[in-house]
Amino acid sequence: MSYRSHADLGGQEQTATIRPEREGDLFHASWEPRALAVTLAMGATGSWNIDMSRSVRETLPDYPSLSYYEIWIAGLEKLLLQHGLAAQDELAAGRMMHPARPVARVLRAADVPAALAKGSPTERPAMAPALFKVGDTVRTRASAVDHHTRLPAYARGKAGRIEHIRGVHVFADANAQGLGEQPQWLYTVVFDGRELWGSGTSLKVSIDAWEPYLERLA
């Protein structure tokens, strides 16, 4: 498959050292708040959606060697190039060299607090009844897909139980591909740790999974 997510790390052996950080440590360099600001400002233009952003970030070939905000900036550069909002020579020079292309919206400084408080709700009206109910036993999709997905690799082809029905939400898999929101029912599915990791563990793991990820088990 040509699509590879470098961010799907759950259940994999890791060699890098994990360094816990204090709660509230948001930035580690003076440029990082600006990286956050410019990424949010460009997202607010409507030129792409959050799932497209996640898709370009997780497919960066040097993802494992980048810091958190380096990933954000590299992903933003990729999106700017894909959508014709910046050229490679401009990114190299760090300044505008060609006439700016118009965008649908501009996030003004005075509007930032209200925009952040509002967020981007993903819940949508239901167009059909939910296929599953609380207590149903289901199995997740076993095959990998050639696009962004929110189903982690460690949970593919695994049996679990529906614990909550979360309503209908924008389907990230379709949204990331530019295919529209295609809202789907979203469920919290609980898995026995032994189902995911094999023998020797009694923990429970829950994930939120859209309806197309699931099939009913008798």
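Below are the figures for this structure:
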| item | result |
| --- | --- |
| Hits in the range 168-218 (condition: of a type in the set (Gly, Ala, Ser) and more than 15 Å from residue 141 (Cα to Cα)) | 172, 174, 176, 178, 180, 193, 198, 199, 200, 202, 206, 218 |
| Matching entry among 105, 101 (being of a type outside the set (A, V, I, L, M, F, W, C), touching a Leu at 6+ places or on another chain (Cβ under 8 Å) and more than 29 Å from residue 146 (Cα to Cα)) | 101 |
| Residue within the range 166-181 that is open to solvent by 60 Å² or more (accessible area, probe 1.4 Å) and either touching a Cys at 6+ places or on another chain (Cβ under 8 Å) or more than 22 Å from residue 39 (Cα to Cα) (or both) present | yes |
| Test: residue in the range 117-126 that is open to solvent by 70 Å² or more (accessible area, probe 1.4 Å), more than 28 Å from residue 52 (Cβ to Cβ) and either modelled with pLDDT under 95 or more than 22 Å from the chain's Cα centre (by Cα) (or both) | no |
| Filter result for the condition that a residue is without any contact (Cβ under 8 Å) to a residue 24 or more places away in the chain and open to solvent by less than 70 Å² (accessible area, probe 1.4 Å), over 109, 93 | 93 |
| Among (1) part of a strand (DSSP E or B); (2) of a type in the set (D, E, K, R); (3) touching a helix residue (DSSP H, G or I) at 6+ places or on another chain (Cβ under 8 Å), the one test that residue 150 misses | (1) |
| Residue within the range 54-61 that is open to solvent by 40 Å² or more (accessible area, probe 1.4 Å) and aliphatic (A, V, I, L, M) present | no |
| Residue count for the range 113-145, restricted to those that are more than 22 Å from residue 170 (Cα to Cα) and touching a residue at least 60 places away in the same chain (Cβ under 8 Å) | 2 |
| Options 140, 201; residue that is among the polar types (S, T, N, Q), touching a helix residue (DSSP H, G or I) at 6+ places or on another chain (Cβ under 9 Å), open to solvent by less than 40 Å² (accessible area, probe 1.4 Å) and at pLDDT 95 or above | 140 |
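The values are calculated or read from the model by the stated rules, or taken from the named source; none is laboratory data. Quick caveat: nothing in here was measured; it's all calculated off a predicted structure. When we count neighbours, we look across all protein chains shown, and the Cβ atoms used for this are built from the backbone with ideal geometry, even at glycine. The protein model used for the area step is the full one, side chains on, heavy atoms only, and it has no ligands, DNA or RNA in it. Shrake-Rupley method; radii C 1.70, N 1.55, O 1.52, S 1.80 Å.
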